[in-house]
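Below is one structure, written out as structure tokens; comments come after it.
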There are 2 protein chains.
Amino acid sequence: MNTKQSFAIKGDICFCKMKDQWTTMKNAYAVCETGISQGVFAQLPEQYAHFPVYDFTGKLIIPGLVDLHMHAPQYAFRGMGMDLELMDWLGQQTFPEEAKYADLSYADKAYTIFADNIKHSATSHACLFATQHRAATELLMDRMEQTGMISFVGKVNMDREAPDNLRESSAEASAQETLRWLYEIAGKYQRTKPILTPRFIPSCTPELLAKLQIIQQEYKLPVQSHLSENTGEIAFVHELCPDARFYGDAYDAYGLFGRQHPKEHTYPAIMAHCVHSTEEEIKLLRDNGVFVAHCPASNTNLSSGIAPIRRYLENHMHVGLGSDIAGGHTESILRAVCDAVQVSKLYWRLVDNGAVPLTFCEAFYLATKGGGAFFGSVGSLERGYDFSAVVLDDSSLRHPFALTIPQRLERAAYSALDAYGICAKFVSGTLLFDRTHSK
Amino acid sequence: MNTKQSFAIKGDICFCKMKDQWTTMKNAYAVCETGISQGVFAQLPEQYAHFPVYDFTGKLIIPGLVDLHMHAPQYAFRGMGMDLELMDWLGQQTFPEEAKYADLSYADKAYTIFADNIKHSATSHACLFATQHRAATELLMDRMEQTGMISFVGKVNMDREAPDNLRESSAEASAQETLRWLYEIAGKYQRTKPILTPRFIPSCTPELLAKLQIIQQEYKLPVQSHLSENTGEIAFVHELCPDARFYGDAYDAYGLFGRQHPKEHTYPAIMAHCVHSTEEEIKLLRDNGVFVAHCPASNTNLSSGIAPIRRYLENHMHVGLGSDIAGGHTESILRAVCDAVQVSKLYWRLVDNGAVPLTFCEAFYLATKGGGAFFGSVGSLERGYDFSAVVLDDSSLRHPFALTIPQRLERAAYSALDAYGICAKFVSGTLLFDRTHSK
């Protein structure tokens with residue numbers, strides 16, 4: 001498992017090199033050489049003639065999708081009890097469930113289901129929040145490594161504003177557990193990496209953020225957190241951090257908000273949501289190269305609002321999609337693509353008629369190259385990209401006239417085909433499963 | 001086929017007698033006697049002991065769902081090319097496709113796919129627009145009758161503001177074709193009924209509406225049409241009908257808007273959308289007992305807006321759900337339930353924070369008894385209701401802790417389980433299919 005192989009896959013190929021343009025080829029070959037895409041060809045070139053070919057003729061082939069934001073321990077209650085706003089939902093639904101991960105046998109049961117389902121989804125790359133429990137976080141990393149997917153996993157840090165059974169006892173204890181976690185997993189995985197994960201400003205004391213800053217600089221870790229999701233949350237941040245000019249500033253003060261100094265390269269940061277970011281916050285998101293994880297289903301389910309994604313794209317900011325399990329109700333990033341289009345239409349109609357709705361193609365770009373850039377050259381079948389691909393069998397979606405490949409993909413996404421029609425997945429040059437040829 | 005039988009089905013039963021309350025029973029029996037529900041029982045009562053029992057132990061059993069608004073000829077392009085607003089979408093996407101139904105062989109191909117898919121959906125009762133083509137409308141009615149579902153099907157009337165190949169040549173021609181249609185199908189079907197279907201005000205001259213009024217009164221037909229969907233459409237109606245006080249008034253002037261006189265019983269009307277209805281229009285909708293077909297996916301996809309459903313419920317109006325294929329992208333009414341909840345949250349956040357979001361239970365009620373009332377005693381497994389039920393196998397949705405039946409149903413809906421997990425359907429006392437026992 002997890003070795004980078006050489007092969008070609010044949011089918012009806014569809015991906016986006018640019019935000020607003022499809023690249024499609026029917027009955028074509030996508031070639032992978034030791035894990036790296038060699039590009040897409042109408043005929044298999046001579047130099048690859050000795051590669052094994054997986055024949056998916058008639059099926060759709062797309063790049064693996066990228067999920068920039070999800071909470072693995074919340075998968076157990078996805079799609080249930082969604083009648084609450086963020087802060088109540090955290091207190092009544094999320095925290096009680098996350099507390100269970102102190103029990104490793106429960107964590108094993110839940111994370112095994114999670115990992116098996118996400119393995120069989122259309123997602124190839126994901127950024128995951130675990131809980132604050134070190135042992136359960138390591139167990140999640142074991143399970144993710146076994147899937148063959150590429151993921152960043154974060155042990156959560158939280159030392160305030162949470163129930164006793166979920167709050168770490170002090171900033172020092174939280175930092176120490178983080179260091180022990182990093183020590184224990186060092187060198188252990190090929191495809192699973194750590195990411196620093198302060199839950200969000202309300203959960204982290206300044207003392208903890210200061211300690212995380214030191215760890216971040218020492219270990220050169222990327223950072224993931226939440227930003228400007230909900231108006232109640234934002235008001236709470238202002239109360240807790242009277243010195244912060246805006247929500248993001250409270251992270252930036254501790255170097256946890258992407259690039260601090262323009263000339264100094266650091267690992268990037270992902271901030272989920274950014275629904276209510278102010279002008280100043282947007283500027284800092286852009287200047288610091290922060291990745292916005294747009295989570296349209298979650299922002300709808302928790303009544304948070306609609307993020308101004310058109311604005312972010314016009315500002316040339318990094319934007320990817322997140323399922324935000326379990327504020328979002330499904331791990332399907334194809335669904336997130338549709339959701340991103342749909343909420344952008346409501347945003348245009350109800351909030352700002354200067355914000356042109358996203359097209360399906362643009363939203364698909366966000367789900368592939370947009371979020372993929374966080375991982376490097378990921379999210380495309382262009383030459384030089386890390387080779388990840390998903391094969392969709394859309395033959396069950398019958399139609400009375402011929403469709404183009406983008407039409408088929410759009411229909412597949414809007415029809416939730418990925419809930420049952422994924423027949424194979426390759427990640428970083430490794431076959432994860434192939435239901436077509438194993439029958 | 002289509003005979004009303006006596007039997008019981010066993011499983012985990014879930015339905016709503018009231019808008020905000022689940023009725024659930026695990027490992028229970030729903031009993032059907034010659035097509036009529038006898039209620040739900042923990043043990044099979046003695047008097048039904050001789051009935052055959054379909055055993056769906058462990059599976060979810062819900063009432064068949066009701067789709068108050070869909071366009072059968074648009075099914076061919078569902079989930080595709082959704083980057084247009086209503087009036088452009090009609091001109092560029094819808095009308096060219098609908099024109100194809102002049103060709104019966106095309107209609108046969110397309111409607112056969114449509115009927116087969118809708119048969120295997122969770123929908124038991126539906127109100128369908130066909131096209132203006134009489135022969136193709138009759139073919140659709142044949143296909144729907146063969147499914148065993150209960151449906152109203154309408155030959156569309158449109159004599160203005162449409163391309164030449166789709167506009168009927170005159171009001172008289174449209175009325176004559178309608179009469180011929182009614183003559184040809186008279187007494188032909190057990191489960192498929194005609195419904196008068198003026199497309200919408202922009203497509204119908206006053207002359208045509210006057211003729212349809214005469215037909216409606218003569219044949220006592222229910223009426224279906226569109227109302228206040230999109231701001232551009234509404235402006236166009238005001239331009240075309242300067243005498244109408246509001247959009248609905250233009251139907252009401254011809255008796256095509258439900259009950260005209262409070263003491264005189266007539267068949268009801270369904271108006272799809274009602275996104276931008278004015279105070280006066282809402283009052284008339286309520287006073288006339290018009291059914292509002294709430295189509296949240298379509299209103300989002302076509303950037304129309306969000307209908308104020310909480311307001312309608314507080315006004316004790318009739319509200320059901322519609323897929324609005326193909327402004328809506330899927331025939332799934334379970335998806336429409338989730339969409340109704342989701343857009344109500346955005347409405348609360350972005351438009352009116354006095355409009356409490358719908359709960360999942362309330363939206364499920366709309367999808368069952370809410371829309372079912374149009375058909376009579378439909379949409380419940382209570383005693384006396386027309387017996388329709390759908391069996392969902394949610395065993396593929398694994399979870400690490402025990403779930404209640406409503407939690408399972410909510411998860412199934414949000415997880416698009418009905419795209420692949422429907423294992424049996426009964427409509428009005430007839431088994432349509434049973435994948436569990438036919439294996």
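The values are calculated or read from the model by the stated rules, or taken from the named source; none is laboratory data. The model shown is predicted, which means the values in this text are computed figures rather than measured ones. Here the Cβ positions follow ideal geometry from the backbone for every residue, glycine too, while neighbour counts run over all protein chains shown. Ligands, DNA and RNA are excluded from the accessible area calculation, which covers all protein heavy atoms including side chains. Shrake-Rupley method; radii C 1.70, N 1.55, O 1.52, S 1.80 Å.
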Work through the residues other than B:ILE150 whose Cβ is under 13 Å from its Cβ and net out their charges, Lys, Arg +1 and Asp, Glu -1. +2
For the pair A:ALA210/A:GLN176, report the inter-label distance in nm, with labels modelled 7 Å from Cα in the Cβ direction. 1.8 nm
Could you tell me, in Å, what Rg and Dmax come out for the Cα atoms of region B:58-164? 14.7, 55
Expressed as a percent, the accessible surface of chain A that is carbon or sulfur, using a 1.4 Å probe and the full set of protein chains, is 50 percent
Where is the GNM fluctuation largest for chain B (alpha-carbon springs, 10 angstrom cutoff): B:GLN190, B:GLN342, B:GLN213? B:GLN190
For region B:1-33 and region B:378-439, compute the distance between their C-alpha centroids and round to whole Å. 10 Å
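Suppose accessible area is computed on protein heavy atoms with a 1.4 Å probe; arrange A:MET317, A:MET18 from highest to lowest.
Most to least solvent-accessible, the answer reads A:MET18, A:MET317.
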If the reach is capped at under 26 angstrom between alpha carbons, list the lysines near B:LYS109, excluding any in the same chain fewer than eight residues apart. A:LYS26, A:LYS59, B:LYS100, B:LYS119, B:LYS155, B:LYS188, B:LYS193, B:LYS425
What do the square roots of 5 times the Cα gyration tensor eigenvalues come to for region B:185-244, in whole Å, largest first, as semi-axes of the equivalent ellipsoid? 27, 14, 7
Answer in debye to the nearest 20: the dipole magnitude of the protein assembly as shown about its Cα centre, from +1 Lys/Arg and -1 Asp/Glu charges placed on Cβ, is 1800 debye
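Ignoring ligands, DNA and RNA, how do A:THR123, A:THR330, A:THR24 rank by accessible area with a 1.4 Å probe, largest first?
A:THR24, A:THR330, A:THR123
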Assign one of three labels to region B:72-226, namely rounded, prolate or oblate, based on the Cα gyration tensor with a ≥ b ≥ c the square roots of its eigenvalues; rounded applies when a/c is under 1.5, prolate when it is not and a/b is larger than b/c, and oblate otherwise. oblate
Would you mind getting the accessible area per residue of chain B, heavy atoms of the protein chains only, 1.4 Å probe, in Å²? 34 Å²
Can you pull the accessible area of B:LYS220 for me, 1.4 Å probe, Å² to the nearest 10? 110 Å²
Global form of chain B, assessed from the alpha-carbon gyration tensor, a/c cut-off 1.5: prolate
DSSP-assigned coil residues among trypsin sites (Lys or Arg not before Pro) in region A:396-436, each with at most 16 further Cβ atoms within 10 Å: A:ARG398, A:ARG435
Placing a label point 7 Å from Cα toward Cβ, how far apart in nm is B:SER169 from its equivalents in the other copies, listed shortest first to one decimal? 9.1
Heavy-atom SASA rank of B:ARG191, A:ARG311 (probe 1.4 Å, accessible area, largest first): A:ARG311, B:ARG191
Report the antiparallel proportion of the DSSP beta bridges in chain A as a percent, rounded to a multiple of 5. 45 percent
For B:GLN92, place a label point 7 Å out from Cα along the Cα→Cβ vector, do the same in each other copy, and report the separations in nm, one decimal, smallest first. 4.4
Taking Cα atoms, the helix B:171-185 axis meets the longest principal axis of chain B at an angle in degrees (rounded to 10) of 30 degrees
Modelling each spin label as a point 7 Å along the Cα-to-Cβ direction, I'd like the A:GLN21/B:LEU104 distance in nm, to one decimal. 4.9 nm
Förster radius 35 Å - calculated FRET efficiency between A:LEU84 and B:GLN92, Cβ distance, rounded to 0.05: 0.25
In whole angstrom, how long is each semi-axis of the equivalent ellipsoid of region A:163-308, when you take the square root of 5 times every eigenvalue of its Cα gyration tensor and sort them from largest down? 24, 18, 16
Calculate the length of the line joining the C-alpha centroid of region B:291-321 to that of region A:136-204, in whole Å. 44 Å
A:THR23 label points, 7 Å along Cα→Cβ, one per copy: pairwise distances from this copy to the rest in nm, shortest first? 5.9
Rounded to the nearest 5, what is the percent of antiparallel bridges among the DSSP beta bridges in the protein assembly as shown? 45 percent
Take the alpha carbon gyration tensor of region A:351-393, find the square roots of its eigenvalues, order them as a ≥ b ≥ c, and report rounded if a/c is under 1.5; if not, report prolate when a/b exceeds b/c, else oblate. prolate
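Taking a temperature of 10 °C and a viscosity of 1.306 mPa s, what whole-number D in µm²/s does Stokes-Einstein yield for region B:265-337 with Rh from Kirkwood over alpha carbon pairs?
Numbers: Rh = 12.5 Å.
For the chosen part, D equals 127 µm²/s.
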Using alpha carbons only, how many degrees (0 to 90, rounded to 10) separate the axis of helix A:206-219 from the longest principal axis of chain A? 40 degrees
Tell me the mean residue ellipticity at 222 nm calculated for chain B from its helices only (DSSP H runs of n ≥ 4, each -39500 (n - 2.57), averaged over every residue, nearest 500). -9500 deg cm²/dmol
Most fluctuating residue given options A:VAL343, A:VAL378, A:VAL356, as computed from a GNM of chain A linking Cα atoms under 10 Å: A:VAL356
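Using only C-alpha atoms and all pairs of different ones, pull out the Kirkwood radius for the protein assembly as shown in Å with one decimal. Can you show the working numbers first?
Values: mean 1/r = 0.0354 Å⁻¹.
About 28.3 Å, per the Kirkwood formula over Cα pairs.
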Angle between chain A longest axis and helix A:231-240 axis [Cα atoms, degrees, rounded to 10]: 40 degrees
Under the rule of at least 5 residues apart or a separate chain, name every residue whose amide H is placed under 5 Å from the amide H of A:ILE325. A:HIS71
Tell me the Kirkwood hydrodynamic radius of region A:327-439 in angstroms, computed as one over the mean inverse distance between distinct C-alpha pairs. 15.8 Å
Cut-off under 5 Å, modelled amide H: who pairs with B:GLY39 long-range: B:VAL31, B:ARG383, B:GLY384
How much FRET efficiency would the formula 1/(1 + (r/R0)^6) give for B:THR3 and A:ARG435, where r is the Cβ-Cβ distance and R0 is 41 Å, rounded to 0.05? 0.55
